[in-house]
Amino acid sequence: MDHRMPLMDGMQAMLEILKIDPNASIIFVSADSAVEKTAVLKGAELFICKPMNIQHLIEAINKVLIRKKSESSKVSSSKKLGENQLN
């Protein structure tokens, strides 16, 4: 999510996305490092300051994917544990 975009800025777009899906992972991108704290406090998972290199973006995406996979595994394990306790 870039901070400066046509129609609405990235902060507004991020808030709209999070209204629809509070579990959405947002990687906020901006040349304005002054918005980093606000972006993260309002729901961005990660912040990347421009100019960015492709490797930094790939690492950020991988962090998000690893966290999502870990959360998914925990939920799955928790469900299995609950099912076993019922039997």
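Which residue is nearest to Pro22 (Cα to Cα), if the candidates are limited to the range 40-77 and must be small (Gly, Ala, Ser) and surrounded by 13 or more Cβ atoms within 10 Å (Cβ to Cβ)?
Per the criteria, the residue is Gly43.
Quick check on my filter: what residues within the range 1-47 are hydroxyl-bearing (Ser, Thr, Tyr) and farther than 22 Å from Ile58 by Cα?
Thr38
With (1) at pLDDT 95 or above; (2) surrounded by 15 or more Cβ atoms within 10 Å (Cβ to Cβ) as the list, and Val29 as the residue in question, which single condition is left unmet?
Going through the list (1) at pLDDT 95 or above; (2) surrounded by 15 or more Cβ atoms within 10 Å (Cβ to Cβ), Val29 breaks only (1).
I'm checking my understanding of the structure. Among residues of the range 33-63 that are charged (D, E, K, R) and within 12 Å of the chain's Cα centre (by Cα), which one is nearest to Ala13 (Cα to Cα)? Full working, then the answer.
Within the range 33-63, the subset charged (D, E, K, R) is 36-37, 42, 45, 50, 59, 63.
After this cut, where a residue has to be within 12 Å of the chain's Cα centre (by Cα) as well, the list is 42, 45, 63.
Details: Lys42: 11, Glu45: 14, Lys63: 22 Å.
This residue is Lys42.
Which of the residues belonging to the range 8-23 are surrounded by fewer than 13 Cβ atoms within 10 Å (Cβ to Cβ) and aliphatic (A, V, I, L, M)?
Hits for the range 8-23 are Met8, Ile20.
The values are calculated or read from the model by the stated rules, or taken from the named source; none is laboratory data. Treat the numbers as computed from the prediction; the structure is a model and nothing was measured. Cβ coordinates were reconstructed from backbone atoms using ideal geometry, including for glycine residues, and neighbour counts include every protein chain displayed.
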